[in-house]
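K.L.:
Dumping the structure here so I can ask a few things about it.
Throughout, read-outs are computed from the coordinates displayed, never taken from laboratory work. Note that the structure is predicted; figures quoted are calculated from it, not measured. Glycine also receives a Cβ, built like all others from the backbone with ideal geometry; neighbour counts cover every protein chain displayed.
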Amino acid sequence: MRIILIGVGGAGCRLVDLFYAQDVRSPIIRCLDGIAVDNDADALNRLMNLPADRKLYFQRLDPSNPDDIIASITIEEIIAKLQSLDTGDIDAIFICGGLGGTMAEVVPDLVSHIRKAMIEPVFGLFILPCTREGRERSSRAADGIDALHAALDGIFLFDNETWYPRLKVQPEPARKKQDPLKFLPLQKQKVEESVKDQTYRKINDMIVRRVGLLLRAGEFSEKGGMDIAEVVLDAGEVLNTILGMGFITIGYALEPVAQGSLEMDILGKIRPAAPSVEESHKKASKVVDLAKRAIYQEISTPCDLTSAEKALILIAGPSHEMSMKGYMTVRKWIDRSIRGLEVRSGDYPVSSSHFLAIIIVLAGLRNIPRIDEIRKIRDMSENPDVHDPGSAYNTGTSGHDECVGDTLPVIPVEESAPAGAGSSLTDDYGRTGGNNASMHEKEESPGSVSRKDVQTGDTDNDDFTWIS
Ligand SMILES: Nc1nc2c(ncn2[C@@H]2O[C@H](COP(=O)(O)OP(=O)(O)OP(=O)(O)O)[C@@H](O)[C@H]2O)c(=O)[nH]1
Ligand SMILES: [Mg+2]
């Protein structure tokens, strides 16, 4: 899938910068371009990867008046830049930003201009603020959610409240006080990054990793270097899942594959032998476990699985690790659990990868507890007499508090375990092709996704490159 990204404000620009870096690093596939739009010159200057001509700086006309944001942005300049980057074969435009910040307010206006000038669908990739950042942030985020839901063709949501405590870096122990007379040479002075910035970097990395993998799935290289997928999920399939679907979340989990299995794969080709029953069983269970983790523990924003209208499942990694039985079990589970009828699925074989990963996209979600929570906070700010259920972890101050939440309230997790995995075993080495967008008859089955504060899947360790 080929896209143009527009980053607005601090969070959005940092995300686009990371996406750009990931794309440039990939020697095989280039699938995106992007621009960063901000009224903060320092923040733009700190972006290390985007070329200077991709950074659009709009100075605040009156810093003492925060309402001047829209007036100070020349949208025509952004549109002209976008058109100059449009190569004619892009599939969509993605706007990235942080809800609760001031720059997100520009987005509805920007989207209506883009729609007049370009034909591609416009999606959003937005971050929900932590509750601890204060009521003002949450209230602004709630207004932003409502405005963006109406303006965009779909919004991917990532929740800082869920991810910040999980990925929070430990502050370094205080260093011994240095002799103030001993100055380091200027080039040796390292700019100290705050805990908040380092944690944001980890969250951004997590976001870019999973969305980047989804974008690349259907692309192939003329230079070669990739295996052929059994069931290709091309840009059309991804778009059909997310277009007009409102709120969207992405679950993602991965696991290292056993060392040496690459060599075993080559040996297996020379001396083919049927895999043992235990081996097939283990591989199927691994795929199912990964899917459960992706939905229950590693989802971008906790949500109710049963309230999804559409879903998309992508399994990626070395093809000898992809169990068809596991894959079909997961597909059936998701198919039965969501309220809608459309489940798409595909594979992305990368023989050089040392990881097996699964991505599950849930679109058209009606029930996302964090959105209700944020809207409630706004309603309470407007009507302070109402009891505040979030007051236990609300500092009450506005704006720029450091996120420090380590103790998230745990919503009990109701896992509707996928049926079939680990039960009777069937042939695991015949891959079926089939229609990647087939729709199945639905059966009733309860399932829900909740926020869990269990620390799983050390995301620090998933530093693999899918395409190398
Ligand atoms: N995950 C993540 N979240 C961020 C990051 N930066 C900011 N946020 C979140 O996004 C919200 C909006 O912040 P910004 O994007 O910096 O806001 P802005 O649009 O630049 O507006 P200002 O507040 O006026 O600077 C914050 O309240 C944070 O919750 C980041 O780099 N990563
Ligand atoms: Mg800013």
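K.L.:
Please give the peptides 354-360, 167-173, 143-149 ranked by average Cβ packing (other Cβ atoms within 10 Å per residue), highest first, as a rough proxy for protection. Walk me through the numbers before you get to the answer.
P.N.:
Values: 354-360: 23.1, 167-173: 12.3, 143-149: 18.9.
So the peptides 354-360, 167-173, 143-149, ranked by packing, come out 354-360, 143-149, 167-173.
K.L.:
Take Ser345, Ser72, Ser84, Ser139 and order them by how many other Cβ atoms sit within 10 Å, fewest up front. Let's see the in-between values first.
P.N.:
Values: Ser345 24, Ser72 15, Ser84 10, Ser139 20.
Listing Ser345, Ser72, Ser84, Ser139 from fewest to most nearby Cβ atoms yields Ser84, Ser72, Ser139, Ser345.
K.L.:
Could you please rank Met103, Met206, placing first whichever residue has the fewest other Cβ atoms within 10 Å of its Cβ?
P.N.:
Sorted ascending by nearby Cβ count, the order is Met206, Met103.
K.L.:
Something else about it: By count of other Cβ within 10 Å, fewest leading, how are Cys130, Cys31, Cys303 ordered?
P.N.:
Cys31, Cys130, Cys303
K.L.:
Something else now. The range 59-117: D in µm²/s via Stokes-Einstein (Kirkwood Rh, Cα pairs, 20 °C, 1.002 mPa s)?
P.N.:
The diffusion coefficient I find is 166 µm²/s.
K.L.:
Using just the Cα positions, wrap the range 1-144 in a convex hull and report its mean projected area in square nanometres, one decimal place. Please report the intermediate quantities before stating the final value.
P.N.:
Working: hull surface 35.5 nm².
If you wrap the Cα atoms of the range 1-144 in a convex hull and average its projections, you get 8.9 nm².
K.L.:
Can I ask one more? For the range 295-341, what is Rg from Cα atoms divided by 2.2 N^0.38 Å, rounded to two decimals?
P.N.:
Normalised Rg, Cα atoms only: 1.27.
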